[in-house]
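The values are calculated or read from the model by the stated rules, or taken from the named source; none is laboratory data. Keep in mind the model is a prediction, meaning the values are calculated, not measured. Here Cβ is always computed from backbone atoms with ideal geometry, including for glycine, and neighbour counts include all displayed protein chains. What goes into the accessible areas is simple: the full protein's heavy atoms, side chains included, and nothing from ligands, DNA or RNA. Shrake-Rupley method; radii C 1.70, N 1.55, O 1.52, S 1.80 Å.
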Amino acid sequence: MVTDPLTATPDIAAVRTEGGTVRDGTGYRIFRVVNVSLLGLVCVVTLYPFVNLVAKAFSSEGYIAAGQVNLIPRGFNTTTFTAVMSDPMFWTNYKNTIIYTVLGTIIAMVLTTTYAYALSRPQLKARGFFVGIAVFTMFFGGGLIPNYILVASYLGWRNSIWAIVIPGALSVFNLLVMKSFFENFPVELEEAASIDGLSTYGVFGRIVLPLSKAVLATMTLFYAVSMWNSWFSAFLYLDKKELFPVTVYLRSLIAAATGSQEVTGGAGTDAVQIGANIQSVTMLLTVLPIICFYPFIQRYFVSGVMLGSVKG
Amino acid sequence: MSVTPTTAGPKADADVDAERPRHIERKHTWARALKRDWRLYTFLILPIVFLLFFRYLPMAGNVIAFRRFKPGGSIFGEEWVGFYYFEMFIHNPQFWSVFWNTVILGALTLAICFPLPIVLALMLNELRSRRFKKIVQTISYLPHFMSVVIVVGIVFQLTAVNGTVNQVIGAFGVDPIPFMQLPEWFRTIYVSSEVWQTVGWGTILYLAALTTIDDQLYEAARIDGANRWKQTWHITLPGIRPTMMVLLILNIGSFMAVGFEKVLLLQNPLIYSTADVISTYLYRVGIQSAQFSYGTAIGLFEAIIGLVLVLSANFFSRRAVGASLW
């Protein structure tokens, strides 16, 4: 069952004390204070790197170089933003990320939805076999080089968008989550629909999909975020800069900056610091869509994971 | 992946199929099933083609670990060479160096990143303010959604000579440390970044499991005079044990593959002595130096260790606590 753990989690802590015969001892009261403080600390530590990133993005190079930028921007300016955003390659790569994300998500969703639906139907024969061949790939695979040979040499997808959006499609985890969702559909619903003259396609398209909007949205988000964040397949199969997604653009920036750091032995040279400033801005612009959507979509992710955990 | 211990997985389904009595009858029912439900079977075409082509074909491509491979030739290689490439890496001291790096890094990650979400989930569970709990959850899940490139960028900035970490230790009078150039710091940095990114998100399944524990158990324990610590020890922890075991098995399965992408982005030649692991080594020799068969042999070795680990963990878990993946 889909439950939103953020709201549905019953307050076990509250239940356990209400009208209890055992009163909170001093030890437990101390624990609660420590607990709240520690969790507060967890929040601070988790958020700090983001705050630091924002602070650096708006600071001038001199203050960053001197190691004086932590929480608040110093020497506030937006020139780096203007500089990064006026780089046409940045926008080309940003656009690529959007294209790869949309296309990759569509392909993955088609594969996942059709497969999960077929697997969830009791009348499908050899269901165990079809589930098994998918699950096995979770634990054993072709490895880096056979995959590389297949995609780059055999298929000739070097510098092709297909190398980015196809080989990584279909996550078995998402497949299993969806399968267990579809399994909860009452068989009667479909029987009634087929008596009314709907074929399997009709049932799937007109009844199952419209009733599965929540799980479809969740899976789409799962795939979209992982496509947005991915970089390695692009790094592996693409040589042309104008095809890079923004993550690879960012990686090149970081590699260039740390490369110069090695050469100069880590001393705070200008080259490195300009890098740090530009890096912060680029990172910020890359994560911006995720950060903006995050508060709204977070509960879908949570319910998606929960769905996979609680077998219907 | 189901975390309920009694999951009716693929095996149970296969058993149902195996009950079909005779060969002829089976064939007959197959034909009938296909005739009746052929539309349903068309749903399988695309995914199965995908799996065969992009998962099972590369799996078969592993055969080049035993065959000489010529670029541009057959993807299954040219001629058998037996265990030539395996002997090559087994006699290579550099391989053993990266092998042990992998084991150490994997063990550290497992030892730290596996228990921490349990602790955090239990801590969250003790909170009385719902709103605070929600805030902590929202914040601690956030790093999970960051690209590994971003995480590594953040790590570089925080550990830079003028970064925050050096400022903090500088306040105690310690000279700046060029962390990313010192092999002795790599493991600490890697594991810390893993903790930052994974622990919050890792609590979700435990929090879900916590909600399934029957409140009557706590009530009964209270009447018997058990205090909060005892309730946690005797009710809460056993209650989430199946979840713990399943996640432990999965973690053990990815033990050898230790965050390949993150390590690849974090490492540089100065710190290879601790930061080079099997997967990054095989990327360098296999892809960058184009020693395809040699790299495949190493990859196959790693994958088989991973498979053996997950199978044995699953076996022992089923024997010992009755929780397993399938």
- Item | Criterion (over 30 Å from the mean Cα position of the chain (by Cα), polar (S, T, N, Q) and facing chain B (nearest Cβ under 10 Å)) met by exactly one of A:S199, A:S153, A:S194 | A:S199
- Message: Please list, ordered by residue number, the helices (runs of 4 or more DSSP H) wholly in the range B:252-325 having 3 or more residues that are open to solvent by less than 50 Å² (accessible area, probe 1.4 Å).
- Response: B:260-266, B:278-282, B:292-321
- Over the range B:100-120, the set of residues under 16 Å from B:F260 (Cα atoms) and either open to solvent by 30 Å² or more (accessible area, probe 1.4 Å) or of a type outside the set (A, V, I, L, M, F, W, C) (or both) is B:W100, B:N101, B:T102, B:V103, B:I104, B:G106, B:A107, B:L108, B:T109, B:L110
- Task: Select from the range B:211-223 the residues that are touching a Lys or Arg at 6+ places or on another chain (Cβ under 9 Å) and either open to solvent by 60 Å² or more (accessible area, probe 1.4 Å) or among the polar types (S, T, N, Q) (or both) and list them in ascending order.
- Result: B:E219
- Got a sec? Which of B:L282, B:L311, B:L270, B:L300 is closer than 20 Å to A:G141 by Cβ, touching an Asp or Glu at 6+ places or on another chain (Cβ under 9 Å) and hydrophobic (A, V, I, L, M, F, W, C)? B:L282
- Item | Test for A:T137: is it polar (S, T, N, Q), open to solvent by less than 20 Å² (accessible area, probe 1.4 Å) and modelled with pLDDT of 90 or more | no
- Task: Evaluate the following for A:Y115: is it touching a residue at least 40 places away in the same chain (Cβ under 8 Å), of a type in the set (F, W, Y), surrounded by 15 or more Cβ atoms within 10 Å (Cβ to Cβ) and in contact with a Pro (Cβ under 8 Å, 6 or more places away or on another chain)?
- Result: yes
- Item | Residue count, the range B:171-186 (criterion: more than 8 Å from chain A (Cβ to nearest Cβ) and not in a loop (DSSP other than H, G, I, E, B)) | 6
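Listed here are the residues, each with its yes/no results for (1) in contact with a helix residue (DSSP H, G or I) (Cβ under 9 Å, 6 or more places away or on another chain); (2) open to solvent by less than 40 Å² (accessible area, probe 1.4 Å); (3) not polar (S, T, N, Q).
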| residue | (1), (2), (3) |
| --- | --- |
| B:T164 | yes, yes, no |
| B:Q167 | no, no, no |
| B:V174 | yes, no, yes |
| B:T188 | yes, no, no |
| B:A208 | yes, yes, yes |
| B:A226 | yes, yes, yes |
- What is the one condition in (1) closer than 30 Å to A:Q279 by Cα; (2) over 24 Å from the mean Cα position of the chain (by Cα); (3) among the polar types (S, T, N, Q) that A:Q123 does not satisfy? (1)
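If I ask for residues that are open to solvent by 30 Å² or more (accessible area, probe 1.4 Å) and in a helix (DSSP H, G or I), which ones from the range A:163-175 would you list?
A:F173
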- Kindly indicate the residue of the range A:285-309 that is within 8 Å of chain B (Cβ to nearest Cβ), surrounded by 15 or more Cβ atoms within 10 Å (Cβ to Cβ) and in contact with a Ser or Thr (Cβ under 8 Å, 6 or more places away or on another chain) and also nearest to B:S140 (Cα to Cα) among those meeting that condition. A:Q298
- Query: Within the range B:146-162, is even one residue open to solvent by 40 Å² or more (accessible area, probe 1.4 Å), more than 7 Å from chain A (Cβ to nearest Cβ) and touching a residue at least 12 places away in the same chain (Cβ under 8 Å)?
  - Reply: no
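When the range A:206-217 is examined, which residues are found to be within 13 Å of another protein chain (Cβ to nearest Cβ) and open to solvent by less than 40 Å² (accessible area, probe 1.4 Å)? Spell out the reasoning first.
Pass one, the range A:206-217, residues within 13 Å of another protein chain (Cβ to nearest Cβ): A:208-209.
Result: A:V208, single match.
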- Determine if the range A:91-110 includes at least one residue that is without any contact (Cβ under 8 Å) to a residue 24 or more places away in the chain and more than 22 Å from the chain's Cα centre (by Cα). no
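Just the residues that are more than 7 Å from chain A (Cβ to nearest Cβ) and free of Cβ contacts under 8 Å to residues at least 60 places away in the same chain, please, taken from the range B:203-225.
To start, the set of residues in the range B:203-225 that are more than 7 Å from chain A (Cβ to nearest Cβ) comprises B:203, B:206, B:209, B:212-214, B:216-217, B:219-221, B:224.
Across the range B:203-225, the qualifying residues are B:T212, B:I213, B:D214, B:Q216, B:L217, B:E219, B:A220, B:A221, B:D224.
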